[in-house]
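The values are calculated or read from the model by the stated rules, or taken from the named source; none is laboratory data. None of these values were measured; they are calculated from a predicted model. Cβ placement follows ideal geometry from the backbone for every residue including glycine, while neighbour counts extend to all protein chains displayed.
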Amino acid sequence: MKIGIGAAVAASGLAAAAQADFIGWTASVRSVAGGSLINVFAVTNSSTDVLLNVYGGTVGQPSAGFISTSSAGGFLQGAGAQGVWAPSGSQNWTTLDSFLTVGGGFNTTTQAFTGNGSTQGDPPWNVTYTDVDTGEATTVNAFNTASNDAGFTNPYLNSVPATGGFFIAGTSSPARNLSVLGANRLAYVNADGVNTGASSAAAASAGFGMMVGQFYVTDLSLAWKMGASMRRSDNSVSQGVFEFSIVPAPGAIALLGVAGLSAGRRRR
């Protein structure tokens, strides 16, 4: 696909963050019926690293995270069991659906990345609504609950909760080789206006990573700033908060990115 050049965004960040095993985020885009699938990967410089969680940080703080879109209809989700943010079982990335995951794998036969159905919202994405049948206030976890005829409408179809994160309730898979992304993997836009679709040049070229999200959108629009914790082979943990955004522009797709921010402190 052809990617248009957008306005340059000055790069900033700490050298220490770039040297950590968790490098940042990279993205791939595939054209599908009704729009595009944007997949985001946490990238690393080691195939033995394991992703533990993705976190949003604290509201009002410089490292506070977000995931949002300006695409018409928001993040589109599949029917039935796929109508939630949690992956449906080992759902793979060929489905027309939006989901978040930690610990997914890669099917070497179908060449498809997969989600992990044990992914959970952290802290719980609790929403209280009035049940139209009972008239009572009911609280549900919006990470695992689809909009329904009892009166619940998931409020997180355009933006996740301000502090919303997710983690794996179980064992996470190690990093995968990202060479299979091929031409679908986006490049990096630096301060000189060179194309970008990652949080840094290092993230755009990193060899290994784990899928953390898929976004089905009618228009290419994704604003992403999140932190992650990654465990090294010696059981030490590296963390960081990084951001990038994919923004539709008239006549072209402008991909804007900024380098990693200072490492965030995990609240779990």
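If you go through segment 209-226 and pick out every residue that is part of a strand (DSSP E or B) and either among the hydrophobic types (A, V, I, L, M, F, W, C) or more than 10 Å from the chain's Cα centre (by Cα) (or both), you end up with 11.
Counting only strands (runs of 3 or more DSSP E) wholly contained in segment 93-188, the ones carrying 1 or more residues that are of a type outside the set (Ser, Thr, Tyr) and closer than 22 Å to residue 230 by Cα occupy 119-121, 166-168.
Looking only at segment 208-240, residues that are in contact with an Asp or Glu (Cβ under 9 Å, 6 or more places away or on another chain) and among the charged types (D, E, K, R) come to 3 in all. Here is the figure for segment 75-103: residues that are hydrophobic (A, V, I, L, M, F, W, C) and within 17 Å of residue 30 (Cβ to Cβ) total 5.
For the structure I just gave you, tell me whether residue 197 is farther than 20 Å from residue 115 by Cα, touching a Ser or Thr at 6+ places or on another chain (Cβ under 8 Å) and either crowded, with 24+ Cβ neighbours inside 10 Å or not aliphatic (A, V, I, L, M) (or both). Considered against the rule, which asks whether it is farther than 20 Å from residue 115 by Cα, touching a Ser or Thr at 6+ places or on another chain (Cβ under 8 Å) and either crowded, with 24+ Cβ neighbours inside 10 Å or not aliphatic (A, V, I, L, M) (or both), residue 197 comes out as yes. Flag: residue 61 does not match the condition of being of a type outside the set (D, E, K, R), under 30 Å from residue 231 (Cβ atoms) and outside any loop (DSSP other than H, G, I, E, B).
Residue 175 meets the stated requirement of being farther than 27 Å from residue 33 by Cα and at pLDDT 90 or above. Scanning segment 14-30 for residues that are modelled with pLDDT of 90 or more and either crowded, with 19+ Cβ neighbours inside 10 Å or more than 18 Å from the chain's Cα centre (by Cα) (or both) gives 22, 23, 24, 25, 26, 27, 28, 29.
Conditions tested, residue by residue: (1) within 27 Å of residue 210 (Cα to Cα); (2) surrounded by fewer than 17 Cβ atoms within 10 Å (Cβ to Cβ).
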| position | (1), (2) |
| --- | --- |
| 117 | yes, no |
| 140 | no, no |
| 159 | yes, yes |
| 167 | yes, no |
| 183 | yes, yes |
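Taken over segment 53-88, the criterion of being under 19 Å from residue 126 (Cβ atoms), among the β-branched types (Val, Ile, Thr) and buried (at least 21 other Cβ atoms within 10 Å of the Cβ) is satisfied by 54, 67, 84.
The condition (being at negative phi, surrounded by 15 or more Cβ atoms within 10 Å (Cβ to Cβ) and touching a Pro at 6+ places or on another chain (Cβ under 6 Å)) is satisfied by just one residue among 40, 50: 50. Would you check if there is a residue in segment 97-104 being over 25 Å from residue 233 (Cα atoms) and not charged (D, E, K, R)? Yes - at least one qualifying residue is present in segment 97-104.
Take the residues in segment 119-138 that are more than 26 Å from residue 95 (Cβ to Cβ) and not polar (S, T, N, Q); name whichever of them is surrounded by the most Cβ atoms within 10 Å (Cβ to Cβ). Of everything passing the filter in segment 119-138, 129 is surrounded by the most Cβ atoms within 10 Å (Cβ to Cβ).
The residues on offer are 206, 223, 162, 169, and the sole one that is over 25 Å from residue 124 (Cα atoms) and out of contact with any Pro (no Cβ under 7 Å at 6 or more places or on another chain) is 206.
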